[in-house]
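Values quoted throughout were computed directly from the atomic coordinates according to the rules given, and no laboratory measurement underlies them. Source: prediction; values computed, not measured. A quick note on method: Cβ atoms are made from the backbone with ideal geometry, for glycine too, and the neighbour counts reach across all protein chains shown.
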């Protein structure tokens, strides 16, 4: 058992979010597009 | 047995070398710097008022439909055969053989239509064919030889099935299958080289004079994107067609044992079709990106001009494919006793699928009258207009793919009860993966609205990878979580007849879609036989109107479906035996 399943859910959310953020950031930067740059207004 | 090993080794050796021989055939630089021919209008034969373009188009498209099918089926037949060896389950072997049986019936028709295509091209477009033969030289002869080898290996593979069914002989049989597939794929890659050379010529100068090797002409900028797209598409298409066959047999059979067999075959075929289909949008995206990279004008002709409307029709057809495939999977939940507990989630998946479908078919600008434009305040609707741009489309298609995978995962889980102690926690990790992945897909889509175009395009990559990550992550977790799971009985054959019509929808929609997309790809050359190198001066050197193209493609699709029904009927007839005299 890994304890309370809702606790697992919360931890998993945080971990997955971290993984996805790292993935997004590396993909955008590989394309020469810095994340968080001063974006142009529409 | 030692002889068998030796022959198997030779077969594998030849299989590995065949592409080398074919693709680099005649690999010496031509010393004659003669430009591409410049035929005048009078050089195109006019025969009894026949539309040369329509004849060549119909033959090419029909040949492509049949070839895609007969090349794809051996790919998953050998995979299914391998499953029978790996699991020791003869059902896989029987199904693989049945896959091949349908291919056999279609193979001679493929060759027949291929011959018709060659004849129509030589009769109506002799200068173009002469030029292509000069560019590709010996490769064309090797193509003919490979076609012979394909025929031999196909017949040997099918007819030796029962003779080489057990023990080491099975590996020998699979080696023949490997050779068959290698030759088949090489044939496709070679033909793709000719088609992609006409779009993005290489190994020639601006006047069309041959300056490079056959390999340079073969490895033109669009060759590999086209190879990947057609490879995946063939698998999806082949799966859809054998799914149609299984549905036909399911509806025709009365014997419950046979019905169960064809239900299982239909399920497997649908799985193969989805497997090939899931990565297809990404391959299409790559192809289109390479088209833009090669020629922006060509890209804009595809996506920004009159042809752009076909992408709306494409969305309708792909939406139809997804709805049909998902409906079939949902219907499959009734095969297991635990399936009902998943049924309550179907409505939510349906909402996302229909919502995604509607976003995908929403055009950015509308064809309107002057009064309508005045009333609307422009050609773009204030609320719906923003749904017409790519970030919205990308978000919609990725969510639809995720939901399609979820439908499959639900059916897969409905027949397995996990026994590991961490099953509940594992489920939570999977749910969290879905939640974060979906938020990321939607977030990247919204990001596209507040950033310049370059970010918009760039943000589509994380969307694609999020979809793949959800799929791969879920599969990995499920593999561990369902290890040693208690298997529930799957009642194959306990399926509504209505669900089988969803399996019929798939090949029809796929065929139509391939016809439409082929029309776009070919039209991108506009007035050129070979883009910017050899001009088309025939009376039909213009892009046909959408209406005319739609009619032609629909007629070809109907013709192909008629051929398929004939092939299915033929396969059934072959299995029918009259009672003996006594």
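The figures follow:
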item: For B:416, B:335, order by how many other beta-carbon atoms lie within 10 Å, fewest first; result: B:416, B:335
item: Cα Rg, Dmax, the protein assembly as shown, angstrom units; result: 26.1, 89
item: Residue B:111 versus residue B:254: modelled label distance in nm, points set 7 Å from Cα along the beta carbon direction; result: 3.8
item: Proxy reagent accessibility, fewest Cβ within 10 Å first, across B:367, B:441; result: B:367, B:441
item: Shape of chain B, Cα gyration tensor, a/c cut at 1.5; result: oblate
item: FRET efficiency for residue B:156 and residue B:122, using Cβ-Cβ distance with R0 set to 30 Å, rounded to 0.05; result: 0.45
item: Shape call, segment B:444-554: gyration tensor on alpha carbons, a/c limit 1.5; result: oblate
item: Cα shape, segment B:49-93, gyration tensor, a/c 1.5 rule; result: prolate
item: Length released on extending from residue B:419 to residue B:79, taking residue separation times 0.36 nm less the Cα-Cα span; result: 119.5 nm
item: Where labels lie 7 Å past Cα in the beta-carbon direction, separation of residue B:449 and residue B:476 in nm; result: 3.3
item: When segment B:506-582 is reduced to its Cα atoms, the Kirkwood hydrodynamic radius in Å; result: 15.5
item: Estimated 222 nm signal from helices in chain B, with DSSP H stretches of n ≥ 4 weighted -39500 (n - 2.57), rounded to 500; result: -25000 deg cm²/dmol
item: Sequence of B:496, B:269 once ranked by neighbouring C-beta atoms within 10 Å, starting from the fewest; result: B:496, B:269
item: Full-stretch length increase - residue B:165, residue B:431 - with 0.36 nm per residue and alpha-carbon distance subtracted; result: 91.4 nm
item: Sites residue A:7 and residue B:340 - FRET efficiency at Förster radius 25 Å, r taken between beta-carbons, to 0.05; result: 0.25
item: Extension gain (nm, one decimal) between residue B:275 and residue B:528, 0.36 nm per residue minus Cα-Cα; result: 87.5 nm
item: Chain B, relative contact order [Cα under 8 Å, separation at least 6], %; result: 19
